Amino acid sequence: MSVYDILLERGFIQQLTHEAEIKELLEKEKITFYIGFDPTADSLHVGHFLGLMAMSHMQQAGHRPICLIGGGTAMVGDPSGKSDMRKMMTFEQIAANGECFKKQMQRFIDFDNDKAIMANNADWLMELNYVQVLREVGIHFSVNRMLTAECFKQRLEKGLSFLEFNYMLMQAYDFLELNKRYNCVMQLGGDDQWSNILAGVDLIRRKESKPAFGLTFTLLTTSDGRKMGKTEKGALWLDAEKTSPYDFYQYWRNIDDADVEKCLALLTFLPMDEVRRLGSLKDKEINDAKKVLAFEVTKMIHGSQEAEKAQQAAEALFGGAGALDNAPTTFICQDKIGAKLVDVLAENGIIASKSEGRRLVAQGGLYIGDTKVTDFEMSLTAELFFDNSILIRKGKKTYHRLIIK
């Protein structure tokens, strides 16, 4: 089975530029391909997870990945899927974010012995001569055609800056440069990158008269079309400091039943027979499949030890088995005894704000242990603590320990 068949069977492939040629190429040759990552934050998030998995499947089949850090393109910002212009970042911020990306990518990609390449488009984009680019690259782009691209349509209604309008040319130029430097013949990306990928493929074919290919994979969405990876705290990050391994585990443990099989196929390396078996479980048994999914993805991002800790904490909180040692915990000072419970929870980020605390109390969604909190003005008293510890619950599934230090 070629990697094309693997990606197709697992549900990655969304669109291709030259289907028959790509299928034959991936079956018969070992190619160099790339995926771009604009370092607009200091961590990758779950939206990048799918691309890293696709890249890993490709590498395991003998193809060579280029992880392209967008040190240059991030200075401009990709308008694809964005309703507003991205905030401008300094070159130093972008460089620091790129270093964070590299560390996280090494969990998925083997960079030893030239098996993969880490590149940064700042190395060539920051040195470009504007007039030269207009003459050598701009001549191959039709503005009429660019304006029909999906990535620009949403922004045209609100206003698309000329800065962002250049993004497509920059990404196309990246592909051209990687083709020249490393004989890179294919770009992969999420389906929201389709227009940009087409631009690069077309530029190489026009300018170099050489074959080039593009492939997009499905975006990670729920069964009802919502983008996956959004939590009440924001994005689901791959950095343990931004999203704890426990919260990461719980996100996948709590996904909808309808999304379990798709996520097992896309985000784990379990054999497809096992994916289909787990995905076919019904009613209460589907929870076993969710536990497998949560453990596998947490292990991949944070390692086996953290995945086991997260699993043990979840079992202790929800299954009544095991110790609470690995549950989310906040230590508070003795002088907080007598303070308002909601104030303490808000100060420590256990609830987003006092107004959220008021809403939780009003709706009957805040508990100390199994006791519902009914008074917004309730104070923390020493009697509430057992061995200096209490367990706070928000809603049905969010637990947090408070410990007096």
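The values are calculated or read from the model by the stated rules, or taken from the named source; none is laboratory data. In this text the structure is predicted, and so the values were computed from the model without any measurement. All Cβ positions, glycine included, derive from the backbone under ideal geometry; neighbour counts span all protein chains shown. Ligands, DNA and RNA are excluded from the accessible area calculation, which covers all protein heavy atoms including side chains. Shrake-Rupley method; radii C 1.70, N 1.55, O 1.52, S 1.80 Å.
The single condition among (1) in contact with a helix residue (DSSP H, G or I) (Cβ under 8 Å, 6 or more places away or on another chain); (2) surrounded by fewer than 24 Cβ atoms within 10 Å (Cβ to Cβ) that TYR182 does not meet is (1). If you go through segment 350-365 and keep only what is buried (at least 16 other Cβ atoms within 10 Å of the Cβ) and either in contact (Cβ under 8 Å) with a residue 60 or more places away in the chain or within 30 Å of the chain's Cα centre (by Cα) (or both), you end up with ILE350, ILE351, GLU356, GLY357, LEU360, GLY365.
Take the residues in segment 223-235 that are assigned to a loop (DSSP other than H, G, I, E, B) and either of a type in the set (D, E, K, R) or within 13 Å of the chain's Cα centre (by Cα) (or both); name whichever of them is farthest from GLY279 (Cα to Cα). Walk me through how you get there before you give the answer.
Of the residues in segment 223-235, the ones assigned to a loop (DSSP other than H, G, I, E, B) are 223-226, 228-229, 232-233.
Remaining after also requiring either of a type in the set (D, E, K, R) or within 13 Å of the chain's Cα centre (by Cα) (or both): 224, 226, 228-229, 232-233.
On the way: ASP224: 17, ARG226: 20, MET228: 18, GLY229: 20, GLU232: 27, LYS233: 28 Å.
Once the filter is applied, the top-ranked residue is LYS233.
When ARG206 is tested against (1) without any contact (Cβ under 8 Å) to a residue 40 or more places away in the chain; (2) open to solvent by 70 Å² or more (accessible area, probe 1.4 Å); (3) touching a helix residue (DSSP H, G or I) at 6+ places or on another chain (Cβ under 9 Å), only condition (1) is not met.
Residues of segment 287-318 that are surrounded by fewer than 18 Cβ atoms within 10 Å (Cβ to Cβ) and over 22 Å from the mean Cα position of the chain (by Cα): ASN287, ASP288, GLU315, ALA316, PHE318.
Filtered by the rule that a residue be over 25 Å from TYR4 (Cα atoms) and touching a residue at least 60 places away in the same chain (Cβ under 8 Å), segment 260-304 gives a lone residue, HIS302. The set of residues in segment 236-261 that are basic (Lys, Arg) and more than 16 Å from the chain's Cα centre (by Cα) contains only ARG253. Does GLU296 meet the test of being assigned to a loop (DSSP other than H, G, I, E, B) and out of contact with any strand residue (DSSP E or B) (no Cβ under 6 Å at 6 or more places or on another chain)? So GLU296 does not fit the description; no. Restricting segment 8-50 to residues that are out of contact with any helix residue (DSSP H, G or I) (no Cβ under 7 Å at 6 or more places or on another chain) and closer than 19 Å to LEU238 by Cβ, the residue that is most open to solvent (accessible area, probe 1.4 Å) is HIS45. Annotation: ILE139 fulfils all but one of (1) at pLDDT below 85; (2) open to solvent by less than 90 Å² (accessible area, probe 1.4 Å); (3) among the hydrophobic types (A, V, I, L, M, F, W, C); the unmet one is (2).
One residue alone among PHE152, PHE175 is at pLDDT 85 or above, of a type in the set (Phe, Trp, Tyr), assigned to a helix (DSSP H, G or I) and open to solvent by less than 30 Å² (accessible area, probe 1.4 Å), and that residue is PHE175.
Checking each residue in segment 251-279 for being part of a loop (DSSP other than H, G, I, E, B) and buried (at least 20 other Cβ atoms within 10 Å of the Cβ) picks out only THR268. Are any residues in segment 229-246 surrounded by 15 or more Cβ atoms within 10 Å (Cβ to Cβ), at pLDDT 85 or above and within 21 Å of LEU52 (Cα to Cα), and if so, which ones? LEU236, TRP237, LEU238, ASP239, ALA240, LYS242, THR243, SER244, PRO245 - these are the residues of segment 229-246 that are surrounded by 15 or more Cβ atoms within 10 Å (Cβ to Cβ), at pLDDT 85 or above and within 21 Å of LEU52 (Cα to Cα). So, in segment 216-228, how many residues would count as being under 15 Å from ASP191 (Cβ atoms) and open to solvent by 60 Å² or more (accessible area, probe 1.4 Å)? Qualifying residue count for the region: 2.
Annotation: of all residues in segment 280-326 being in contact with a Gly (Cβ under 7 Å, 6 or more places away or on another chain) and among the small types (Gly, Ala, Ser), the one that is modelled with the lowest pLDDT is ALA316.
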